[in-house]
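This report concerns only the one structure given below.
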Amino acid sequence: METIAFRMVLNPGMRDEYERRHRQIWPELVDALHQAGVRDYRIFFDAGSDHLFAILTRTRDHQMDLLPELDIMRKWWDHMADIMQTEPDHTPLQQELEPVFHLQAPQPD
């Protein structure tokens, strides 16, 4: 498994709407993410900057690079484009974050 993190930017005042839409995430999108190798996906919000911090765990043989080709992914990005910063094609603006520290619990004997 591999963990990655990235930052996105929500438009001011859109936190409640962002959360509402994610509470109603489409089952087809969830299936596509799982099939692409995503195993755990969390998004956090920084109210002071409107930044979203995402962290996800994916399989080593993931196929996340194919997600932008899926109709359901494009449809979701179109659905979210009015509340967050995106590229002209509605792909969310994302900034990869570099890992600088990791603390794991000791493995039991």
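Each value in this text was obtained by applying a stated rule to the coordinates, not by laboratory testing. Just so it is clear, the model here is predicted, and its values are computed rather than measured. Because the Cβ atoms are built from the backbone with ideal geometry, glycine has one as well, and the counts that use them run over all protein chains shown.
Net charge around Leu52, counting only other residues with Cβ within less than 10 Å of its Cβ (Lys, Arg = +1; Asp, Glu = -1)? Walk me through the intermediate numbers first.
Numbers: positive: Arg7, Arg15; negative: Asp46, Asp50.
Local charge sum for Leu52: 0.
What relative contact order, as a whole-number percentage, does segment 2-97 give when Cα pairs under 8 Å and 6 or more residues apart are counted? Display every interim value, and only then the final one.
Details: 135 pairs, mean separation 40.4, N = 96.
Relative contact order of segment 2-97: 42 percent.
Take Leu52, Leu29 and order them by how many other Cβ atoms sit within 10 Å, fewest up front.
Values: Leu52 20, Leu29 16.
Ascending number of Cβ neighbours within 10 Å: Leu29, Leu52.
Mind running the shape call on segment 1-56? Use the C-alpha gyration tensor, a ≥ b ≥ c as the square roots of the eigenvalues: rounded below 1.5 for a/c, prolate if a/b tops b/c, oblate otherwise.
Details: a/c = 3.32, a/b = 1.42, b/c = 2.34.
Since a/c reaches 1.5 but b/c is at least a/b, the shape of segment 1-56 is classed as oblate.
Largest first and in whole Å, what are the equivalent-ellipsoid semi-axes of segment 59-109 based on the Cα gyration tensor, each being the root of 5 times an eigenvalue? Show your work: numbers first, answer last.
Numbers: eigenvalues 205, 51, 20 Å².
The equivalent ellipsoid of segment 59-109 has semi-axes of 32, 16, 10 Å.
So for segment 2-97, what percent of the C-alpha to C-alpha distances run longer than 24 Å? Walk me through the numbers on the way to the answer.
On the way: 696 of 4560 pairs.
Pairs farther apart than 24 Å: 15 percent.
If each residue of separation counts as 0.36 nm, what is the full-extension length gain between Met14 and Phe101 once their alpha-carbon separation is subtracted?
Contour length minus the Cα-Cα distance gives 28.3 nm.
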